[in-house]
Amino acid sequence: MAIQRMDNVLIVVDDLEAVIAFFVELGMELEGKGPIEGRWVERVIGIDDVRQDVAMLRTPDGHGRIELAMFHTPKAISAEPKDAPANTLGIRRIMFAVDDIEDVVARLRAHGAELVGELAQYEDIYRLCYVRGPEGIIVGLAEQLS
């Protein structure tokens with residue numbers, strides 16, 4: 001077997017607290033948060049003089065994790081437009097299954113989230129939407145109907 005599991009997805013952010021609050025409102029649980037620095041991390045990521053704060057969040061089922069990193073040094077750089085459209089190359093979104101999509105969208109709007117397109121239904125199977133949250137992070141939401 002080549003892999004055992006997907007461990008986490010990293011998102012580099014400027015406002016760690018705002019992004020943590022967004023994902024906690026979505027239903028993720030904060031596992032831990034703290035500073036990361038030193039030669040070992042510099043060797044792993046290939047950047048010198050690294051000083052960052054990192055937070056790890058997990059889904060309620062314990063199988064999915066998001067790692068958030070806020071770099072103090074060196075400063076993070078932007079590789080694309082802030083609100084990149086869905087057809088921009090690279091990772092575009094993270095998709096979550098939810099129980100009540102309208103409730104989740106309403107709660108995330110309190111954290112500045114906006115619909116990317118609109119809430120749509122795929123046959124009699126799913127209701128789906130994309131939400132753009134803090135720092136342009138796109139989250140897909142899917143409510144299974146049948």
Sort 36, 3 so that the residue with the fewest other Cβ atoms within 10 Å of its own Cβ comes first and the one with the most comes last. 3, 36
The helix 16-26 Cα axis meets the longest alpha-carbon principal axis of the chain at an angle in degrees, between 0 and 90 and rounded to 10, of 30
Per the Kirkwood formula on distinct C-alpha pairs, the Rh of region 94-144 is how many angstrom? 10.8
For region 1-52 the trypsin sites (Lys or Arg not before Pro) that pass both the DSSP coil test and the at-most-15 other-Cβ-within-10 Å test are 5
For region 118-126, Karplus-derived ³J(HN,Hα) couplings (6.51, -1.76, 1.60; θ = phi - 60°; whole Hz; x for glycine and proline) come out as 9, 6, 10, 10, 9, 6, 9, 9, 9
Quick check on region 9-73: what are the equivalent-ellipsoid semi-axes from the Cα gyration tensor, as sqrt(5λ), descending, whole Å? 23, 13, 8
Would you please put 10-20, 80-90, 109-119, 126-136 in order of how densely packed they are, using the mean number of other Cβ atoms within 10 angstrom per residue and starting with the highest? 126-136, 10-20, 109-119, 80-90
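Bear in mind that the values in this text are calculations on the coordinates, not laboratory data. Keep in mind that this is a model prediction, so the values were computed, not measured. So basically every Cβ, Gly included, is an ideal-geometry build from the backbone, and we count neighbours across all protein chains shown.
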